[in-house]
Amino acid sequence: MPLRLKGKFYKTAVRPTLLYDTECWTTKKQYIQKISVVEMQMLRWMCGKTKMDKVRNTDIRSLVGVALIEDKMRENCLRWFGHIGRKSKDTLVKKMEKIDIAQDKKLRGRPKMTWMKVVTKDMKLLELEERIIIDRNANAASGMAVHDDCKLKFLELKAKRTYRFIVFKIEEKQKQVVVEKLGEPTDSYEAFTASLPADECRYAVYDFDFVTNENCQKSKIIFIAWSPDTSKVRSKMIYASSKDRFKRELDGIQVELQATDPTEMGLDVIRSRAT
């Protein structure tokens, strides 16, 4: 079995079980250390490697395409925080967020770490604002612009079919979405997937040609939100909060697809979604 397929199975079935309910933990370093050790033992076993082979942990992770489990714990925690933040004030989970346990007297030692302190620490570490995590359209209000070239090239793809695909990138310093790569009309789907970085998020549109069951030639424009498992947590959050605003600028998208792994956007998957 290919190592990437093993990694896909691990990310789908094993890791969610390992991280079950960790988004609600007041995470400590000792917890992260223990979970990281367990994960690396499983990944090395999957690759048929032991410590005696002197293969670095980073190399093992790259072989199976798995991100640091500490980053996944942080990502899950922030996603859960955003989920709670979007709830109405009357819901029980929202009330429990601000609950304060009364104490008769102050205990000795430093105050215990709380879940909200963990969230605040993670946001500070990733340089993320609370509104970006809670509001999925936060970047629309904060000035995350779309470069005119993005709309122009998309119109050319839709009306004139000048390009087979377009890859878009968020330039954080300029606070706007820009065109990163254009695909020629003769480019294959493999050329499109190869243009997406293995460890960075991107938006992309692809002009997919297919034949229906009635033997009619058709085409549909596929929008793909590419967010690989090994990309940075900050990047995932920013791309997620900007997606809806960016999609509204591209009038004519017919199918949307979110992918974290190449197998989730294979040609067979695209064909099944298009038809």
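A short reminder: the numbers here are calculations on the coordinates, not readings from a lab. Given the structure is predicted, the values throughout are model-derived calculations rather than measurements. In this analysis, Cβ positions are derived from the backbone assuming ideal geometry, glycine residues included, and neighbour counts consider all displayed protein chains.
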Is there a residue in region 196-205 that is in contact (Cβ under 8 Å) with a residue 40 or more places away in the chain, aliphatic (A, V, I, L, M) and assigned to a strand (DSSP E or B)?
yes
Residues in region 162-173: is at least one of a type in the set (A, V, I, L, M, F, W, C), crowded, with 16+ Cβ neighbours inside 10 Å and in a helix (DSSP H, G or I)?
no
I'm trying to understand the selection: among the residues of region 219-243, which are among the aliphatic types (A, V, I, L, M), assigned to a helix (DSSP H, G or I) and within 15 Å of Ala259 (Cα to Cα)?
Met237, Ala240
Specify which of the listed residues (Lys236, Lys220) is of a type outside the set (Ser, Thr, Tyr) and more than 23 Å from the chain's Cα centre (by Cα).
Lys220
Members of region 213-255 that are more than 30 Å from Thr58 (Cβ to Cβ) and buried (at least 18 other Cβ atoms within 10 Å of the Cβ):
Ile221, Ile222, Phe223, Arg245, Phe246, Leu250
If you go through region 17-52, how many residues are loosely packed, with under 11 Cβ neighbours inside 10 Å, among the charged types (D, E, K, R) and either in contact (Cβ under 8 Å) with a residue 40 or more places away in the chain or at negative phi (or both)?
2
